[in-house]
Amino acid sequence: MPYEPILLARVAQPDSHRLEGYRADGGYATFERALKDLKPEQVVAQVKDSGLRGRGGAGFPTGLKWTFLPKDHPGPIYLCVNADESEPCTYNNRILMEKDPHQVLEGIMLACYAFKSQKAFFYVRYEYGDAFRTLQAAVDELYAAGLLGQNILGSGFTLDVVLHRGAGAYICGEETGLIESLEGKRAWPRIKPPFPAIEGAFRKPTIVNNVETLACVTQIMKRGIDWFKSLGVPPDPKNPRDAGSYGPKLYTIAGHVNDPKCVELPMGITIRELVEQHGGGVWKGRKAKAVNPGGLSMGYVNVETKLKDSDLTEYDIPLDFNGPGRVACLGLGTAAVTVIDDHTSMVDVLHNTCQFFSHESCGQCTPCREGTGWMLKITDRMRRGQGRKEDLDILVDVADRIGIMPGTTICGLADGAGWPVKTAIRKFRAEFEAAIKSGEKSKYAKTLSVVGAH
Ligand SMILES: Cc1cc2nc3c(=O)[nH]c(=O)nc-3n(C[C@H](O)[C@H](O)[C@H](O)COP(=O)(O)O)c2cc1C
Ligand code: SF4
C-alpha cells in the first residue's frame, strides 16, 4: 500500500495556510486537549517516549533535550524555532511554513506548554520572504482567535510567538550562531558548554528545535506514540547507542533528476528508491554517479561502489539516521538528496562544494577559516588544469583536521566542509588523478572563485 502522507497531508488544499481550514481539519484540538487534560510533564513524556529525533541535522532525541532544561527554573525559558534552512538543496521546512504553518505553530504551542516557555522566537531564513509573510499572517490569526497571548482560553497559559527575519548566512542555522544573531549580533557560534538548554538566548535556558521536528510534535500528540513508532526503523540491536529512526520524514530530491520535489515517506527508504520511484529517475537518460544523501555537508556516496559481501551498492543505503554513516558519510543531515549525473566532473563538483563552505565559514576558528580557503584554492587550481600530484593527499589531510570531531573548531560547519572533500577524494580518487594527469581545464574555470567571506 502506498504511504499516505501525514505532515504533507494538507499542503495541496486551497488555503491550506489559513486558520479556518486548519481548524476544520481538527487543528488545535490537540493543543486545547493538552491544556485541559495533560500536565506539561505528560507532554514531555509522550514526545520522549515516541523516540522522535530532531530533524535539523544532528538527530538528537527531542524529548531528552527538553529534559535538559533546569528544573523549576523561574523563567524566562525560550524556544527558538530554527527555520534558517540554508543547507544546499534543502527546502522541506519552507514547504511546511508556506503551506501548513499552523501545523508547525501547534507544535510550537505544545512544546512551549510542555517546557513552560512563554516566548518562542521563530528564526526564518532571510531569503524566505513568502514563508515569513505567511507565518506572520498565521500568527496574527492566532492572536485574533485568542490562541496566542495572555491566559490562552482561560487556561492560565501565556505564550507569545515572535518572528525574526534571519541574517542571510548558513552559519545562522547553527544553534548558537542563531542565538547570537537573534540577539542582534554577528552569527558567531558560541563555545559549548554551556549548551543552550542551560544558557541560550539572552543568557536564559533555551530549546532550539527545527521546524519539521515541531510539526512531528503536533502529530505525535495527535496520533500517539504507537502511530509514530509504527513508521521508520527501530534501534539496531547490535548497537546499544542507537535510538532508532522512527516516524515520517520529509526528503527533498534535487540535482540531476527528472522530477525534483519534496516527498514524505517513512524513515529508511533507500537512495535508489527515492530517486528512481519518487524523483523520476536521473535526467536526460543518464546514470547517477554520486549522491549527497542528506545535504552537501554529509559527503558523497559513490553509486557504483559495492557494499561489503553484497551485490548492493552505496546507492542502496537506507536514509535513516544510521544508513549514510555506514558508507562513511557524516549522517542523514537534512535528508536533502542531491544527484550528480555521470556527465559531470567530480573536480567541478568538489570545487563548487569548497566554494560554498569557504564563503560560509564565519572565520572565528583558524582551522576552519584557513582550511576551507586552502581547500578552495587547491580545487580551484585543479579545475584550471594546474593540479599537482600531491594535492589529493593534502586535501584529505586538511579535511581530516578541521572540525569538532578532531577537536579543532567551535562548531560543526568545519566537519561539514571536510566531509564532502574526504568522501569525494576517497571514493572517486581515480577520476581526480586522471584529471590532474590530463591537465585539462574545466569549461567552468572561467568563473571566479570567491575565497572566504571574512
Ligand atoms: C553550520 C550549521 C548549520 C545548521 N543549520 C541548521 C538549519 O538551518 N536548521 C536547523 O534546524 N538546524 C541547523 N543546524 C543544526 C542546529 O545547530 C541544531 O542542531 C538544530 O536546529 C536542533 O534542532 P532539532 O533538535 O529539532 O534537530 C545547523 C548546524 C550547523 C553546524
Ligand atoms: S567552525 Fe567555522 S563556522 Fe564554526 S565557529 Fe569556527 S570558523 Fe565559524
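Return the pairs, sorted by first residue and then second, in which the second residue is basic (Lys, Arg) and not in a helix (DSSP H, G or I), the first residue lies in segment 191-203 and is within 13 Å of residue 70 (Cβ to Cβ) and at pLDDT 95 or above, the beta carbons are less than 9 Å apart, and the residues are 6+ apart or on different chains.
Filtered contacts from segment 191-203: 196/190; 199/190.
When you go through 59, 26 one by one, which is the residue that is in a loop (DSSP other than H, G, I, E, B) and exposed (fewer than 15 other Cβ atoms within 10 Å of the Cβ)?
26
Considering each residue of segment 61-100, count those that are modelled with pLDDT under 95 and among the acidic types (Asp, Glu), and give that number.
Of the residues in segment 61-100, 1 are modelled with pLDDT under 95 and among the acidic types (Asp, Glu).
Might you let me know whether segment 322-339 holds any residue that is farther than 17 Å from residue 173 by Cβ, more than 16 Å from ligand 1 (Cβ to nearest atom) and touching a His at 6+ places or on another chain (Cβ under 7 Å)?
Yes, the conditions are met somewhere in segment 322-339.
Mind checking whether some residue in segment 353-375 is surrounded by 18 or more Cβ atoms within 10 Å (Cβ to Cβ), in contact (Cβ under 8 Å) with a residue 24 or more places away in the chain and more than 23 Å from residue 169 (Cα to Cα)?
For segment 353-375, residues surrounded by 18 or more Cβ atoms within 10 Å (Cβ to Cβ), in contact (Cβ under 8 Å) with a residue 24 or more places away in the chain and more than 23 Å from residue 169 (Cα to Cα): absent.
Which one of these is assigned by TED's automatic domain parsing to the domain that holds residue 425 and either more than 23 Å from residue 258 (Cα to Cα) or not acidic (Asp, Glu) (or both): 305, 313, 334, 353? Full working, then the answer.
Details: 305 fails: assigned by TED's automatic domain parsing to the domain that holds residue 425; 313 fails: assigned by TED's automatic domain parsing to the domain that holds residue 425; 334 fails: assigned by TED's automatic domain parsing to the domain that holds residue 425.
Answer to the selection: 353.
Residue-by-condition table, conditions (1) in contact with a strand residue (DSSP E or B) (Cβ under 7 Å, 6 or more places away or on another chain); (2) closer than 30 Å to residue 285 by Cα:
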| position | (1), (2) |
| --- | --- |
| 326 | no, yes |
| 340 | yes, yes |
| 364 | no, no |
| 374 | no, no |
| 388 | no, no |
| 408 | no, no |
| 412 | no, no |
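Taking interchain pairs and intrachain pairs at least six residues apart, which have beta carbon atoms under 6 angstrom, with the first residue in segment 218-240 and without any contact (Cβ under 8 Å) to a residue 40 or more places away in the chain and closer than 23 Å to residue 318 by Cα and the second β-branched (Val, Ile, Thr) and crowded, with 18+ Cβ neighbours inside 10 Å?
none
Quick one: would you say residue 238 is within 15 Å of ligand 1 (Cβ to nearest atom) and farther than 30 Å from residue 99 by Cβ?
For residue 238, the condition - within 15 Å of ligand 1 (Cβ to nearest atom) and farther than 30 Å from residue 99 by Cβ - is not met.
From (1) farther than 17 Å from residue 198 by Cα; (2) within 13 Å of ligand 1 (Cβ to nearest atom); (3) out of contact with any helix residue (DSSP H, G or I) (no Cβ under 6 Å at 6 or more places or on another chain), pick out the condition that doesn't hold for residue 65.
(1)
Consider residue 370 against the criteria (1) within 16 Å of ligand 1 (Cβ to nearest atom); (2) assigned by TED's automatic domain parsing to the domain that holds residue 382; (3) out of contact with any Leu (no Cβ under 6 Å at 6 or more places or on another chain): it satisfies all of them except one. Which criterion is unmet?
The failed condition is (1).
So that you can scan it fast, the table gives a plain yes or no per residue for (1) within 16 Å of ligand 2 (Cβ to nearest atom); (2) surrounded by fewer than 20 Cβ atoms within 10 Å (Cβ to Cβ):
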| position | (1), (2) |
| --- | --- |
| 151 | no, yes |
| 171 | yes, no |
| 177 | yes, no |
| 193 | yes, yes |
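Being within 22 Å of the chain's Cα centre (by Cα), under 21 Å from residue 231 (Cβ atoms) and at pLDDT 95 or above narrows it down to one residue among 107, 26; which is it?
None of the others qualify; the one that does is 107.
Name every residue in segment 367-384 that is more than 8 Å from ligand 2 (Cβ to nearest atom) and not small (Gly, Ala, Ser), in order of residue number.
Those that are more than 8 Å from ligand 2 (Cβ to nearest atom) and not small (Gly, Ala, Ser): 370, 374, 375, 376, 377, 378, 379, 380, 381, 382, 383, 384.
For the condition in a helix (DSSP H, G or I) and either free of Cβ contacts under 8 Å to residues at least 12 places away in the same chain or not assigned by TED's automatic domain parsing to the domain that holds residue 294 (or both), what is the one hit in 69, 110, 79, 8? Explain how you work it out, then say what you get.
Numbers: 69 fails: in a helix (DSSP H, G or I); 79 fails: in a helix (DSSP H, G or I); 8 fails: in a helix (DSSP H, G or I).
Exactly one residue qualifies, and that residue is 110.
For residue 424, work out the one condition from (1) over 23 Å from residue 171 (Cβ atoms); (2) hydrophobic (A, V, I, L, M, F, W, C); (3) buried (at least 18 other Cβ atoms within 10 Å of the Cβ) it doesn't fulfil.
Going through the list (1) over 23 Å from residue 171 (Cβ atoms); (2) hydrophobic (A, V, I, L, M, F, W, C); (3) buried (at least 18 other Cβ atoms within 10 Å of the Cβ), residue 424 breaks only (1).
Suppose the filter is of a type outside the set (D, E, K, R), within 24 Å of residue 199 (Cα to Cα) and not in a strand (DSSP E or B); does residue 74 pass it?
The answer is yes for residue 74.
Taking residue 162, is it in a strand (DSSP E or B), in the same structural domain as residue 28 (by TED's automatic domain parsing) and either among the small types (Gly, Ala, Ser) or surrounded by fewer than 20 Cβ atoms within 10 Å (Cβ to Cβ) (or both)?
For residue 162, the condition - in a strand (DSSP E or B), in the same structural domain as residue 28 (by TED's automatic domain parsing) and either among the small types (Gly, Ala, Ser) or surrounded by fewer than 20 Cβ atoms within 10 Å (Cβ to Cβ) (or both) - is met.
Being at pLDDT 95 or above and closer than 24 Å to residue 337 by Cα is the requirement here; does residue 407 meet it?
no
The values are calculated or read from the model by the stated rules, or taken from the named source; none is laboratory data. Please read these numbers as outputs of a predicted model, since none were measured by experiment. Note that we place each Cβ from the backbone using ideal geometry, even for glycine, and neighbour counts take in every protein chain shown.
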